[in-house]
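Data block below; observations after.
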Amino acid sequence: MFASTSAADAAEADSATTTVEFMEGSEFRADARMSESDLMMDVSFKLRVDKPNGYPSAQDITPLEVAEALSALAQSKGWPPLTFYGTPPPVALN
């Protein structure tokens, strides 16, 4: 039983460190509820940064940066951390 628990933990750790590539223009969504009230929040965003020369530049903004910034903003207002999911594939971004 201990060995299977360790294998499950290792598999979970591997999946948490795997980077998923989302298509340019993918939509990302998160929702949150306040546990002590009926408040609910739904947040979504799409990001597209044109790269005319094909290479990222210092001005490039990634979906992960936006997701982390929106989550930090929500947390600063008392909301729980937001986990954004993108499609395709339906995988957590942050």
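Listing for the model above:
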item: Relative contact order of region 22-92, pairs being alpha-carbon contacts under 8 Å that are 6 or more residues apart, as %; result: 40 percent
item: Zero-based 5 Å bins, Cα pair distances in region 22-92, whole percents; result: 3, 16, 24, 20, 16, 11, 5, 3, 1, 1
item: Dipole magnitude of region 22-92 about its Cα centre (Cβ charges: Lys, Arg +1; Asp, Glu -1), debye to nearest 20; result: 80 debye
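The numbers here are math on the coordinates, done by the rules we state, and not lab data. Note that the structure is a prediction, hence the values are computed from the model and not measured. Methodologically, a virtual Cβ is constructed for each residue, glycine included, from the backbone with ideal geometry; neighbour enumeration extends over all protein chains shown.
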